[in-house]
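To start, the structure itself, in structure tokens.
The values are calculated or read from the model by the stated rules, or taken from the named source; none is laboratory data. Nothing here was measured: the structure is a model prediction, and the numbers come from that model. Cβ placement follows ideal geometry from the backbone for every residue including glycine, while neighbour counts extend to all protein chains displayed. These accessible areas exclude ligands, DNA and RNA; they are computed on the full protein's heavy atoms, side chains included. Shrake-Rupley method; radii C 1.70, N 1.55, O 1.52, S 1.80 Å.
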Amino acid sequence: MSFRIGSGIDFHQLITGRNLWIGGISIPHYKGALGHSDADVLLHAICDAMLGAACLGDIGIHFPDTSDEFKNIDSKILLQKCFQLITNAGYKIINIDSTLCLKEPKIKSYIPQMQQAIADVLLLQTTAISIKATTTEKMGFVGREEGVSAYAVILVTSSN
Ligand SMILES: [Zn+2]
């Protein structure tokens, strides 16, 4: 059995008139993330980490933002598709660690729901999915509430 790691990073602008989807759940807020899909920054970072661990390219290759098929799509569907891709390639997820960077809203109370939403798609225990959050101490685009970013690392095993 061999081990592999993958990393993912994603960014989205925050604008009024959009729903804020993070970690597979909708969070009440006066701004939401702008994107072709539901713009779930955390799920996109996790998707890229999964694809990276299996050396299967990135989310933009598999789900182009020029395709109507993926317009406003629930990113849990993209997560499911990535899970299928790495499963088919013989990989099994050990754990995920992730960090969200955003100023508002405070998401601590939503983390258990996010863990559950992700666990349901990836068929994992919630303890295998770590989600942390940080502000950027009022600096940069996150500090100005112009955007949100997420980072994810994944460990997988290969049966190959
Ligand atoms: Zn994204």
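Odds and ends about this structure:
- Taking Cα atoms only, the orientation of helix 111-122 departs from the longest principal axis of the chain by about 30 degrees.
- Under 17 Å from a label point set 7 Å out along the Cα-to-Cβ vector of residue 94, the amide N atoms of segment 52-74 belong to 52-55.
- Each principal axis of the Cα atoms in segment 58-143 has its own extent, and those three values, largest first, are 41, 34, 18 angstrom.
- Shape metrics for segment 28-90, restricted to C-alpha atoms - Rg then Dmax, Å: 12.1, 42
- Distances between placed amide hydrogens fall under 5 Å for residue 133 paired with 100, all partners being 5 or more residues away or on another chain.
- Longest DSSP-loop-exposure-free segment, trypsin sites (Lys or Arg not before Pro), the chain, at most 16 other Cβ within 10 Å: 1-70
- Here the scattering of segment 1-52 is modelled by Debye summation over its C-alpha atoms, one equal scatterer each and no solvent; at q = 0.13, 0.29 Å⁻¹ the log10 of I(q)/I(0) is -0.35, -1.07.
- Surface share of carbon and sulfur [accessible, 1.4 angstrom probe, percent] for the chain: 55 percent
- Calculated accessible area for segment 85-160 comes out at 52 Å² per residue, all protein chains present (probe 1.4 Å; ligands, DNA, RNA ignored).
- Violating pairs (Cα-Cα greater than 20 angstrom) within the set 108/132; 71/108; 31/103; 31/106: 71/108
- The charge dipole of segment 1-100, taken about its Cα centre with unit charges on the Cβ of Lys, Arg, Asp and Glu (plus for the first two, minus for the last two), comes to roughly 180 debye.
- For the set 74, 10, the ranking by accessible area, highest first and with no ligand, DNA or RNA atoms included, is 74, 10 under a 1.4 Å probe.
- Over the C-alpha atoms of the chain, the Rg to Rh ratio, Rh being the Kirkwood estimate, stands at 0.96.
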